[in-house]
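Read-outs throughout are calculated quantities, based only on the coordinates presented, and are distinct from any laboratory measurement. On a predicted model such as this, the values are computed, not experimentally measured, just so you know. Please note: Cβ atoms are built from the backbone with ideal geometry, for glycine as well, and neighbour counts cover all protein chains shown.
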Amino acid sequence: ATDRARPLVDAVDLTRHEDLKTRAMMGVVIAETWARTGQAKKAIKTLDLFKEAEKEMPELRPQLLRAQAFASAALNDTKGMRKALKGLFAENPQYLTGFVMKKVGIHPLLEKEARQMLIQSGNVQRKVQMKHR
């Protein structure tokens, strides 16, 4: 799905949108798409534009953190990825479940870290493997 979204987001000109909230929401969606389709550095630059908007629009925080987690994972920035995941977890532990479901396009490092955080918190059970005799 992100591969099909890529041509659409590449064509968006964020400067055309004067409303900060609209621009920020679109920017976050664009950044996540870029992060998931090989343009993680471009995604980080876009997310940096909206760091201040996060304070003015707390409802945007989960989407910003999610996009940041994808971009950091794509760049193998474990520290940045963990920071984003911890922020998501603090907002709502359920936000991490989207990274551990069997979906296409989730970076293995991101999935592993999100799963570990959920297990350590007690919000998800470890799979118990039993040997049949």
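For VAL29 and MET101 in one chain, what is 0.36 nm times their gap in residues minus the Cα-Cα distance, to one decimal in nm?
23.9 nm
On a full-extension model of 0.36 nm per residue, what is the gain between LYS112 and ARG16, subtracting their alpha-carbon distance, rounded to one decimal in nm?
Roughly 30.7 nm would be gained on extension.
At what distance in nm do the modelled label points of ASP48 and LYS83 sit from each other, each positioned 7 Å from its Cα along Cα→Cβ?
1.2
Hey, can you grab everything whose amide H is under 5 Å from the amide H of PHE50? Only 5+ residues off in sequence or another chain; H modelled, so Pro and N-termini drop out.
Here nothing satisfies the definition.
Which value in nm describes the separation of the simple spin-label points at ASN92 and GLU59, placed 7 Å from the Cα toward the beta carbon?
Reported label-point gap for ASN92 and GLU59 is 1.3 nm.
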